[in-house]
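Notes for the one structure printed next.
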Amino acid sequence: MVFNNIKAVYLDRDGVVNHESDAFIKTPEEWIPVPGAIEAIARLSRLDVIIAICTNQSGIARGKFSAKSLAMIHRRLFDCLHSAGGRVDSIRYCPHGPEDNCRCRKPLPGMILDLNRCFNVAANNVIMVGDAARDLESAQAAGVHPVLVRTGRGRVTEQSGRFSDVPTFDNLDSFSRAFLTHFETQISGTSQP
């Protein structure tokens, strides 16, 4: 089972934690959590796992918003999490555009590999939750366990048939409940190998 021995859960942001927009999320007011996502992260926060966000934010390179605006959006995310008793240990974002040839933009694994180094976790102890093909491809390239949610672009990603072997959940809330149940069972010593 993909949940065994997990030390870190990495999340895509747009489409997983918050609703996405083809026009980009440019202000804190435009940042709207997916129902149940904040509570899901709070639920994961009760566990002894690292929680991080890996997000492409090419709107910076495209001049749609600034790094300062992005920091304000993330401040809103942190405030919502704090109010719910949750936490995120790190946010990594790629500010580059598709033509910039950086190593951090998903589907390349740069952000995930950076987090693994930062937190000293092995790839086989990490789950990456995403809604888009690029999230799952990034996870696979980094050697971590991909998980698909059906929010955001998740249904389209699922219907592509390319990721039929990837564990799939309706949303971050249902993933967190399943993960918590497995984690608690593993801790109590009744988990199956």
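Summary table below
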{"item": "Residue within the stretch 20-33 that is of a type in the set (Gly, Ala, Ser), within 28 Å of Arg177 (Cα to Cα) and in a helix (DSSP H, G or I) present", "result": "no"}
{"item": "Residue in the stretch 10-29 that is farthest from the chain's Cα centre (by Cα), counting only those that are surrounded by 22 or more Cβ atoms within 10 Å (Cβ to Cβ) and β-branched (Val, Ile, Thr)", "result": "Ile25"}
{"item": "Condition check for Ile73: within 24 Å of Ile112 (Cβ to Cβ), over 17 Å from the mean Cα position of the chain (by Cα) and either surrounded by fewer than 21 Cβ atoms within 10 Å (Cβ to Cβ) or in contact (Cβ under 8 Å) with a residue 40 or more places away in the chain (or both)", "result": "no"}
{"item": "Selection from the stretch 120-135 of residues that are without any contact (Cβ under 8 Å) to a residue 60 or more places away in the chain and not in a loop (DSSP other than H, G, I, E, B)", "result": "Ala123, Ala133"}
{"item": "Every residue from the stretch 77-98 that is hydroxyl-bearing (Ser, Thr, Tyr) and not in a helix (DSSP H, G or I)", "result": "Ser90, Tyr93"}
{"item": "Qualifying position, being touching a Gly at 6+ places or on another chain (Cβ under 7 Å) and of a type in the set (Asp, Glu), among Asp165, Asp135, Asp114, Asp173", "result": "Asp173"}
{"item": "Within the stretch 47-71, tally of residues that are modelled with pLDDT under 95 and either in contact with a strand residue (DSSP E or B) (Cβ under 9 Å, 6 or more places away or on another chain) or of a type in the set (Lys, Arg) (or both)", "result": "1"}
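The values are calculated or read from the model by the stated rules, or taken from the named source; none is laboratory data. None of these values were measured; they are calculated from a predicted model. Positions of Cβ are generated from backbone atoms using ideal geometry, with glycine treated the same way; all protein chains shown enter the neighbour counts.
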